[in-house]
1. Quick one: check the C-alpha center-to-center distance for the range A:104-162 versus the range A:1-40, whole angstrom.
2. Report, in whole Å, the centroid distance computed from the Cα atoms of the range B:1-48 and the range A:175-214.
3. Taking the full set of protein chains and a 1.4 angstrom probe, give the accessible area of residue A:216 in square angstrom, rounded to the nearest 10.
4. Heavy-atom accessible area per residue, chain A, 1.4 Å probe: how many Å²?
5. Tell me the angle of helix A:206-221 to the major Cα principal axis of chain A, expressed in degrees between 0 and 90 and rounded to the nearest ten.
6. Taking Cα atoms, how many degrees apart are the long axis of helix B:78-101 and the longest axis of chain B, rounded to 10 and kept between 0 and 90?
7. Which of the pairs A:146/B:33; A:131/B:33; A:146/A:261 have their Cα atoms more than 30 Å apart in this structure?
8. Against the longest principal axis of chain A, how steep is helix A:160-169, in degrees 0 to 90 to the nearest 10, with axes from Cα atoms?
Amino acid sequence: MSSGRGEKERLRAEREAREQEATAAATRRRRLGMLGGAILAAAAIVVALILISSGGSSKGNGGSAGRPLEHVAEVNNLFKGIPQSGRVLGRSDAPVTMVEFADLQCPFCAQYAQDALPTVVSRYVRAGKVKLELRLIAIIGPDSGKARRMAAAAQRQNRLWNFAELFYRNQGEENSGYVTDPFLRLVASSVPSLDVNRAFSDRNGAAVQALLADNDAGAIARSVNSTPTFFAGRTGQSLAQLNPSSLDASGFTGPLDQLLKG
Amino acid sequence: MSDRRLGLTLALLALAGLGVSGYLIYVHYAGIKPICSGGGGCEKVQTSHYSKLAGVPVAVLGAIGYGVILIASRLPGELARTTTAAVALVGFGFSAYLTYRELFTIHAVCQWCVASAVLMTALAVLSSVRLLRAPTASPRG
C-alpha cells in the first residue's frame, strides 16, 4: 500500500515538474517575443529619428551646386545701399558697434543670420545707428576653413556680408564636404559686383591669410571658443560680450536699444 | 541579481541620466557653456545641428526618455518591463547614432553626451535582462 502511495506521489511530482517546465518555457518564449517586439519597435523609432535628424540637415543648397541658390534677391536687397568696408557693415560713424564671431558652417550662426540679422540691418544699420563687424573663425572643421577663405577674398572686395549671408541661407550639413569650388563659385557669382575669378585667385594669398589671422587673434584675445559669440558697445569704447536671450530679433533689439540710449 | 535589485539599479541609472540631461537643458536655455574638459568639444557638439531634433534640443528628448524609464522601472508587471526595455533600446540606438555623428561628422566629443550614451547602454542591457529574467507567477498546484 505504502509503496503504491509513494509511486503515486512520485508520478505527481514528475507531472508537476513537467508542467512547471512547460510553463517556464512558454513564459521564456513569450518574453523573448516581447523583447524581440521591443527591439523591432525601438529600431523603427530610431530609424525615424535618424531620418528626421539627417533630413533636417539637408536644408539649403549645400552639396548640390547644380541647383540654383536660394534667397539671392532677398539677401542682396537686404544689403543694397548700405556701405561695406572690409568686415564692417554700416556707417563708420554709427554710435554703436556690434561684433560677431561666427563660423560659416555653424547652424546657430545661420539661425541668427536668418532670424535676427534682417531686423538688425533694417532697423539699426540702415538707419546709421549701429555698425556690424563680422569676424569669421573656423572651429567646426575643414569646410569652415575653405568657406572663410573665400569669404575673406570677398571681404577684400567689400562684399563679405553678401557672401556670408548667402552662404548661411544655403548652408549644408556640417563637415559633409559640401564646400566645394563649384558651390563657392555659385555663392560668389550671386553676389553683386564681386569679381569671382579675382576672389578665387585671392583666397589662398597672403592678404587673405592676414585677414583671417586677425580674426583668429581677435577670437583668442576675447576667449571666443564657440559661435556665434557677440560683443557690443558704444563705438570707440570697449565692447562687452552680448548674450542674447534668443537668436531671433528679440534677443538683440533690447540690448541695442539700451546701448543707443547710453 | 534579483528582480528587485535590477529594478532599483535601473531607477538609479535613469535618475543619473535625468541629472545629465537636466544639466544640458539648463546649459542650453541659460545660454552658458557646459563644464567640459579639453578643446571646447562640448560647445561644438551642443551648438551643432545634431543638438536639436525638429527644433527640440536632444537633451529634452533624453530627459523625457529617462523620466519614462524611471517611472516604468518602479511599476510592476510585464507591460512596465517591456516599456522600460523599449524606451531604453530607443535611447541606446539614438545615442549610438549621435556618438557616430560626434566622431565622424562634428569631429568633437562631449563628455556629457558620452556619459548619457553609457547610461543608456547600461539601461538597455539591464532592462532587457530584467524583462527576460523576471520571476514567473506561482505554478498551479
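1. 72 Å
2. Answer, in whole Å: 40.
3. In the full protein context, residue A:216 sits at about 50 Å².
4. Values: 12120 Å² over 262 residues.
Each residue of chain A exposes 46 Å² on average to a 1.4 Å probe.
5. So the helix axis and the longest Cα principal axis differ by about 60 degrees.
6. Its long axis makes an angle of about 20 degrees.
7. Numbers: A:146/B:33 27 Å; A:131/B:33 27 Å; A:146/A:261 40 Å.
From A:146/B:33; A:131/B:33; A:146/A:261, over 30 Å: A:146/A:261.
8. So the inclination is approximately 20 degrees.
The values are calculated or read from the model by the stated rules, or taken from the named source; none is laboratory data. Quick caveat, the model's predicted, so the values are computed rather than measured. For neighbour counting, all protein chains shown are included, and Cβ atoms are generated from backbone atoms with ideal geometry for every residue, glycine included. When the accessible area is computed, the model is the full protein with side chains, heavy atoms only, and any ligands, DNA or RNA have been set aside. Shrake-Rupley method; radii C 1.70, N 1.55, O 1.52, S 1.80 Å.
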